[in-house]
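A.B. asks: Have a look at this one.
Please treat every number below as a calculation from the coordinates, not as lab data. Quick caveat: nothing in here was measured; it's all calculated off a predicted structure. In this analysis, Cβ positions are derived from the backbone assuming ideal geometry, glycine residues included, and neighbour counts consider all displayed protein chains.
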Number of protein chains: 6
Amino acid sequence: MAIFSTFGLKYKTMSKLVSEFNEYRTKMNEVILSKDNLVIKRLWNLDTNTYAAGALDVKTKELLGLVASMVLRCDDCIKYHLGKAHELGLSTEEMYEVFAVANIVGGTIVIPHTRRAAEYWEELMR
Amino acid sequence: MAIFSTFGLKYKTMSKLVSEFNEYRTKMNEVILSKDNLVIKRLWNLDTNTYAAGALDVKTKELLGLVASMVLRCDDCIKYHLGKAHELGLSTEEMYEVFAVANIVGGTIVIPHTRRAAEYWEELMR
Amino acid sequence: MAIFSTFGLKYKTMSKLVSEFNEYRTKMNEVILSKDNLVIKRLWNLDTNTYAAGALDVKTKELLGLVASMVLRCDDCIKYHLGKAHELGLSTEEMYEVFAVANIVGGTIVIPHTRRAAEYWEELMR
Amino acid sequence: MAIFSTFGLKYKTMSKLVSEFNEYRTKMNEVILSKDNLVIKRLWNLDTNTYAAGALDVKTKELLGLVASMVLRCDDCIKYHLGKAHELGLSTEEMYEVFAVANIVGGTIVIPHTRRAAEYWEELMR
Amino acid sequence: MAIFSTFGLKYKTMSKLVSEFNEYRTKMNEVILSKDNLVIKRLWNLDTNTYAAGALDVKTKELLGLVASMVLRCDDCIKYHLGKAHELGLSTEEMYEVFAVANIVGGTIVIPHTRRAAEYWEELMR
Amino acid sequence: MAIFSTFGLKYKTMSKLVSEFNEYRTKMNEVILSKDNLVIKRLWNLDTNTYAAGALDVKTKELLGLVASMVLRCDDCIKYHLGKAHELGLSTEEMYEVFAVANIVGGTIVIPHTRRAAEYWEELMR
């Protein structure tokens, strides 16, 4: 079927999505941290602590980070939390319930970000 | 002790926070729904469905609604989800971990909303 | 009926909504303009020009200003455009269709602002 | 003339803007809807209803959707409404009055989105 | 003169603006910090460090905090930075140039926040 | 060293960042201004005036424009102000203190924009 074969081919060219995101992120984090701005360094450490297990478990916290990133419409933040959610073994159905909350709370302007989130999630799940 | 007695007195005047919020909300919802705008009616129904149990449980969904409301800095939305979280028996420690995610993701501009959230939570827990 | 009589009484105390908004606005505009900041003065003049008739008529432009204010969740901006829309003779049904667009595009975080918009519109229509 | 010939060439490479936007949109909508999340499905249906003729006509509603998308700085939402506005036969002058409202209400941070909107509109008008 | 005498009287009733803001802020900070959420505590410490003298002086940093608070339309954040700017001896003219940048970058939705900022600044300067 | 040589090569492909940004900006500004929308024209003139020397000097004003652009997460606005800051001879250390304020006030959603800002600044400093 025409659409699906095109679709399949397209997916092959999309396969760099995850690695390119991670590489750019790593490279620029190095540049930024090399400047030794103490406030930025500490904020980034704190960011890591925020998602550690506490009264809430790690899965819930990642979902909180994801929905917050979606309603604030930060594509890179969304990708980061999708990557983490994937590592933690969260299901597609769970992801889409988070997407639904984000779309309802944040409105239809969240839809384009949901498209990119869905695309990235497909990539992670391949 | 001076601070705490003042504090206690203050809390008595604050004791209307929850009821006033709920009354105004109910009253204006009636006004809005009386106008029979179909899109608004359906969106509001959908809003209720969004937080129903599914792949994610009701508690997790309420926390998602809360953190989304906090980073978008919507005080009334925050109060609504705090009320729901309280009904569901969530603990103060859990609430503050949601507050922490919201403050880290959304930055220090979330702090004034965190103050009002903390105040409302104290009211709910009395 | 208990609810409606309370409601009626409430509306009497709300009757200052419009005049208080306009008075505070006028007073603070005077304070700001008295400082002679040229950029602010020119921006404010430009703001008036923006809503003048052109390729689009005045009614359409006020509705554009209203929906923009709603999705950006600026209560005072909403009140200002509701006042203008009322002067131009727009109907309640038209207003609620603008509210609907704002709620769909901007999501449920627009609801609390819709409540305050609906309250202000009731005041204007009395 | 150097600038305009370069410009003309550039426009040939830009000519895929509209089709690529529509294809990606269609493809990802299929992915998302295939997951059968009821809330997302219903919200998307509701989104279509929102812009149907009512007390306000279809043209006005599309302009409301456009200006809301601009002040919320959602490029894909802007493209979608520009496409609809073009189908409805709205003029360049009308479009730029919407752009003006968005720039005044939303400030100079709307300018980069106005550039991309203007580029897309040129493409639609070719 | 009628307007100014009313204005003067009004100012007497406004005179609690600064103290009430500071008292509520202090009280709720105590409530929040008493819950011992480590992420929140560290973020708040970091917030203090952010405005310490470095490559940029303290005055410039406070103005950065102020303009950021204005475009993000956080009234309490604005009040906090106005208080600091006042302690540092910044002039009304300097303040209004910050207001101008915020109004141009963030658009006319910043105007209502500028009114409240102007009101608070008048209070601080009395 | 593997990482740095890759990094160096990467930087060669990035070298078009600044010129491409400026060219697109110039080209689309011409398109927009050719439509003669008076409100847009005047706003853009006003934008230039906003950053002229006054009670605050030009350097401070550019930093205000930069931090406002960062917390509002407008990549193109950030690039514009980074270009200006570079022309004015501001140092990397000063830039990173602005980045730090933006990250603290606006939260971790500002991080992806900080990465792109850092990349652009490296390009300007080569």
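A.B. asks: What is the helix-to-structure angle for C:17-33, meaning the angle in degrees between its Cα long axis and the longest Cα principal axis of chain C, kept from 0 to 90 and rounded to the nearest 10?
C.D. replies: Taking Cα atoms only, the helix is inclined about 20 degrees.
A.B. asks: Also, I was wondering about something else. Calculate the tail of P(r) for chain A: the fraction of all Cα-Cα distances greater than 25 Å, expressed in %.
C.D. replies: When all Cα pairs of chain A are counted, 33 percent exceed 25 Å.
A.B. asks: Also, I was wondering about something else. Express in whole angstrom the spacing between the alpha-carbon centres of the range B:22-93 and the range F:40-56.
C.D. replies: Rounded to whole Å, the Cα centres lie 43 Å apart.
A.B. asks: Let me ask another. Could you work out the relative contact order of chain E, using alpha carbon pairs under 8 angstrom and six or more residues apart, expressed as a whole percent?
C.D. replies: About 28 percent, as a whole number.
A.B. asks: Using Cα atoms only, what is the angle between the long axis of helix D:58-71 and the major principal axis of chain D, expressed in degrees (0 to 90) to the nearest 10?
C.D. replies: For D:58-71 against chain D, the angle is about 70 degrees.
A.B. asks: In Å, what is the Rg of the alpha-carbon atoms in the protein assembly as shown, and how long is Dmax?
C.D. replies: Expressed in Å, the Cα Rg and Dmax of the protein assembly as shown come to 25.2, 82.
A.B. asks: Could I ask something else about it? Given the convex hull of the Cα atoms of the range D:16-81, what is a quarter of its surface area in nm²?
C.D. replies: Mean projected area of the Cα convex hull: 5.2 nm².
A.B. asks: Can I ask one more? Please work out the FRET efficiency for the pair D:D75 and F:R126, using the Cβ-Cβ distance as r and a Förster radius of 35 Å; give the result to the nearest 0.05.
C.D. replies: After rounding, the FRET efficiency stands at 0.75.
A.B. asks: Separation between the F:W44 and B:A53 pseudo-spin-labels, each 7 Å from Cα along Cα→Cβ, expressed in nm?
C.D. replies: Using points 7 Å along Cα→Cβ, the separation is 5.9 nm.
A.B. asks: Here's something else I'd like to know. Any idea what angle helix C:92-106 forms with the longest principal axis of chain C, computed on alpha-carbon atoms, 0 to 90 degrees, nearest 10?
C.D. replies: With rounding to tens, the tilt is 70 degrees.
A.B. asks: Another one. Residue by residue through A:87-93, how many Cβ atoms from other chains fall within 10 Å of the Cβ on average?
C.D. replies: 2
A.B. asks: Pairs E:K27/E:K79; B:K41/D:K61; D:K16/D:K41; F:K27/F:K59; B:K16/B:K79; A:K27/D:K16: which exceed 20 Å Cα-Cα?
C.D. replies: The pairs that break the limit, which is 20 Å between Cα atoms, are D:K16/D:K41; F:K27/F:K59; A:K27/D:K16.
A.B. asks: Moving on to the next point. Through the Karplus equation 6.51 cos²θ - 1.76 cosθ + 1.60, θ set to phi - 60°, convert the phi angles of the range C:118-126 into ³J(HN,Hα) values in whole Hz; use x for Gly and Pro.
C.D. replies: 5, 4, 5, 5, 4, 4, 5, 7, 4
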